[in-house]
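The values are calculated or read from the model by the stated rules, or taken from the named source; none is laboratory data. Nothing here was measured: the structure is a model prediction, and the numbers come from that model. Cβ atoms come from the backbone with ideal geometry, glycine included; neighbour counts cover every protein chain shown. Side chains are part of the model used for accessible areas, which takes the heavy atoms of the whole protein and leaves out ligands, DNA and RNA. Shrake-Rupley method; radii C 1.70, N 1.55, O 1.52, S 1.80 Å.
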Amino acid sequence: MKVLVTGGSGYIGSHTALLLLEAGHEVVVVDNLSNSSKESINRVAELTGKEPSFHQVDLLDEAALAQVFAEHNIDAVIHFAGLKAVGESSIIPLAYYHNNVAGSISLLRAMEAAGVRTIIFSSSATVYGDGNSIPYVEKMEIGATNPYGRTKEMVEDILNDLGTADSSWRIALLRYFNPVGAHPSGRIGEDPLGIPNNLVPFIAQVAVGRREKLMVFGGDYETPDGTAQRDYIHVMDLAAGHLAALDYVNDKAGVYRWNLGSGVGTSVLEMLHAFERAVGHDLPYEITGRRAGDLPAFWADASSALADLGWSTTKTVDQMCEDHWRWQHNNPNGYQEG
Ligand code: NAD
Ligand code: UFG
């Protein structure tokens with residue numbers, strides 16, 4: 001298949017592009033490079049021996065998107081492009097709705113015009129909000145509690161309506177839990193701009209000496225060690241989930257939603273200690289106040305993805321940290337050093 005990957009030079013997109021190429025698909029990447037570097041695509045080419053076609057295009061530029069569809073005979077789209085910082089989304093909500101919702105509409109209109117009807121969409125566990133019991137199951141009512149999460153919910157709604165209006169659409173909504181890790185080569189990985197918001201990228205920067213210590217947000221939750229629990233998923237497992245979903249919807253029209261997680265909760269301190277094992281020594285940390293908006297614990301019920309797609313996670317928390325550390329150690333400044 002020829003697959004258009006929006007946001008393909010970003011963290012999850014680059015790992016998925018690599019697996020698509022390894023599986024024999026052709027890859028066309030559309031990215032405006034607002035949160036990534038073209039160097040990730042160069043490295044995907046180096047690792048696979050195959051060159052993705054790269055277009056520096058903003059999703060909001062519908063004419064430029066139409067040109068990409070005209071140039072390539074696209075069979076399916078995997079749609080990663082979006083802004084993703086939860087805290088920032090409350091400060092500049094319009095930018096989030098414009099980029100994530102209007103950008104998705106622009107993409108869907110270009111797909112419709114080009115006769116492409118297959119899309120895999122990056123949704124998030126954040127759509128479950130704070131009113132559900134754990135583990136989260138796909139059939140639960142959703143209700144995001146921040147603008148970023150609401151953009152995901154809105155795009156889910158749009159795709160749902162599209163699938164209802166026209167039954168030829170093949171749509172997968174993938175609700176990711178917490179992606180971490182990197183390709184085992186250490187050549188591609190997550191390269192956050194500025195101070196990382198997320199736990200593992202922050203720990204990795206402490207380990208490499210770019211940050212003084214980890215601040216653990218909350219030590220008084222009702223969890224086994226008092227720190228918050230999340231469902232961490234290796235980015236290679238997550239990427240594989242996209243190929244499985246693509247295979248599934250390719251011969252079954254309709255709208256499908258799957259959690260992509262491990263089904264297991266890991267605490268902040270357990271994650272820190274796994275990272276310390278990968279690095280080979282202790283790392284400095286301090287327990288501080290809770291971060292506003294954080295939930296004490298959540299993880300996926302991942303049984304639908306197993307039943308429907310035959311997909312489940314394969315990598316342990318230790319492997320996630322080892323691979324994340326290899327990437328960070330070999331590329332202390334991310335892609336900046338080329
Ligand atoms: P990322 O920032 O590394 O990748 C997103 C890519 O999209 C970037 O390369 C960016 O330059 C590009 N982009 C953004 N807006 C664009 C636009 N208007 N036009 C073209 N390109 C644009 O993020 P990621 O971690 O790889 O996340 C990929 C997707 O998965 C996002 O939609 C994100 O919301 C979703 N997601 C991520 C996580 C996570 O924790 N990483 C969790 C759940 C869901
Ligand atoms: N944490 C710290 N210190 C830090 C960073 C994080 O203690 O410096 C804690 C947080 O308080 C939380 C846990 O580590 O308890 C995980 O935090 P992350 O920021 O890594 O992940 P979140 O679960 O808060 O959110 C992430 C994405 C969301 C997404 C969600 C589920 O940022 O967009 O995973 O996929 F919705």
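Worth a mention:
- q = 0.14, 0.21, 0.28 Å⁻¹, the stretch 119-169: log10 I(q)/I(0) [Debye, one scatterer per Cα]: -0.38, -0.77, -1.08
- Pairs of Cα atoms farther than 19 Å apart, the stretch 6-77, %: 29
- Both numbers refer to the Cα atoms of the chain; Rg and Dmax are 19.1, 56 Å.
- Cα pair distances exceeding 25 angstrom across the stretch 189-338, given as percent: 37
- Candidates per GluC sites (Glu not before Pro) in the stretch 96-172, loop by DSSP, up to 11 other Cβ within 10 Å: E141
- Shown for the chain are the DSSP H helices of 18 Å or more along their axis, judged by Cα atoms, with a mean Kyte-Doolittle hydropathy of at least -0.5: 235-250.
- Element breakdown for the stretch 290-338 at a 1.4 angstrom probe: carbon and sulfur atoms account for 46% of the accessible area.
- Cα convex hull of the stretch 260-338, projected area averaged across orientations, nm²: 7.7
- Taking all Cα pairs closer than 8 Å and separated by 6 or more residues, the relative contact order of the chain comes to 19 percent.
- CD proxy at 222 nm, helix term only [per DSSP H run n ≥ 4: -39500 (n - 2.57); per residue of the chain; nearest 500]: -11500 deg cm²/dmol
- Residue-normalised accessible area of the chain, expressed per residue, 1.4 Å probe, Å²: 41
- Accessible area of the stretch 58-205 belonging to carbon and sulfur atoms, whole % at 1.4 Å probe: 52
- Descending Cα extents along the principal axes, the stretch 1-146, whole Å: 46, 31, 28
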